[in-house]
Amino acid sequence: MMKLFSEKSIKKALTVIAFSAIAALLLIVVFIILEGLPFIFKVGISDFLFSSEWEPQMGRFGIFPMIIGSLVVTLGSMIVGIPLALSGAIFLSEFVPRWAMRIIKPTIELLAGIPSVVYGFIGVMVLAPLIRDYLGGPGLSILAASIILGIMILPTILSISIDSLKAVPQSYREGAFALGATHWQTIHMAVLPAAKSGIIAGIILGLGRAIGETMAVIMVTGNAVILPKSPLYSVRTLTANIALEMGYATGMHRQSLFATGVILLIIIMVLNYTATIAIRRRVGKK
């Protein structure tokens, strides 16, 4: 009886802890929505989302350039980070000796522990001058942010992809080899499809990290509220806008920043869902 009571108590305690995490997330979402949604309806959805004029002191609250800035920087970081991460994961899990992977993988994972301000500092002092000298523009640009964020999301995608690839049973590889497949054909046609769920999870986590990053983005994008015409243009992202102006914002200006948070939340949810569906369909067709 005591044992049964103990098991029931533990089960209830774990259930409460699990739901407390969900409750905390819901509270955050509800708080942001309650603070920002009335402002969106007050100003007008079209004026808020599709206007290019951001002058809070003059009553102009258009965030369209920042939406575009967030999307292009995120897209650029995924273009840089995903091929590097997947190529590294395949190489480390399928080609290098195990003793080498045990050294290299933890080393790459250390990149995740480096503060984002350090990445931003390297971008400002090294990457931006190189872009300015050899490609033109101000240096602090979409290209610089894409490269920095691509490196920042690299350890997340790579680590999860390696674990997913290593979790594929060895019988899959042996069966492919028995049918006459080459090493690459085995990886491409047997191992990668079997590991697709874990790889997708890593990509989604990397996507969330890229679009939610703030400090490094503030330092390397230039923070110009304009519509970019090339990767060499400076932009301001939604996260950077909130971080830069929340410290002194009051009244409607403060409400507009919460409304920006609502839009950012919606964008993250839509991007995650769209990326998950698109990747699964593409991998499924292959």
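The values are calculated or read from the model by the stated rules, or taken from the named source; none is laboratory data. Here the structure is a predicted model, which is why all the values come from computation and not from measurement. Cβ placement follows ideal geometry from the backbone for every residue including glycine, while neighbour counts extend to all protein chains displayed.
Things worth noting here:
- Residue within segment 227-236 that is among the basic types (Lys, Arg) and either closer than 19 Å to Ala89 by Cα or touching a residue at least 24 places away in the same chain (Cβ under 8 Å) (or both) present: yes
- Residue in segment 254-263 that is out of contact with any Leu (no Cβ under 7 Å at 6 or more places or on another chain), free of Cβ contacts under 8 Å to residues at least 40 places away in the same chain, more than 25 Å from Val118 (Cβ to Cβ) and surrounded by fewer than 18 Cβ atoms within 10 Å (Cβ to Cβ) present: yes
- All helices (runs of 4 or more DSSP H) inside segment 97-178 with 3 or more residues being out of contact with any helix residue (DSSP H, G or I) (no Cβ under 9 Å at 6 or more places or on another chain): 98-109, 128-134, 170-178
- Per the listing Gly120, Gly113, Gly208, the residue uniquely surrounded by fewer than 16 Cβ atoms within 10 Å (Cβ to Cβ), within 30 Å of Ile268 (Cα to Cα) and out of contact with any strand residue (DSSP E or B) (no Cβ under 6 Å at 6 or more places or on another chain) is Gly113.
- Some residue of segment 270-285 being within 24 Å of the chain's Cα centre (by Cα), surrounded by 16 or more Cβ atoms within 10 Å (Cβ to Cβ) and on the phi > 0 side of the Ramachandran plot: no
- Scanning segment 211-223 for residues that are surrounded by 24 or more Cβ atoms within 10 Å (Cβ to Cβ), outside any helix (DSSP H, G or I) and not polar (S, T, N, Q) yields a total of 1.
- Scanning segment 122-164 for residues that are of a type outside the set (A, V, I, L, M, F, W, C) and farther than 30 Å from Ala190 by Cα returns Gly123, Pro129, Arg132, Asp133, Tyr134, Gly136, Gly137, Pro138, Gly139, Ser141, Ser146.
- From the list Gly202, Gly198, Gly180, the one residue that fits, being at pLDDT below 90, crowded, with 20+ Cβ neighbours inside 10 Å and not aliphatic (A, V, I, L, M), is Gly202.
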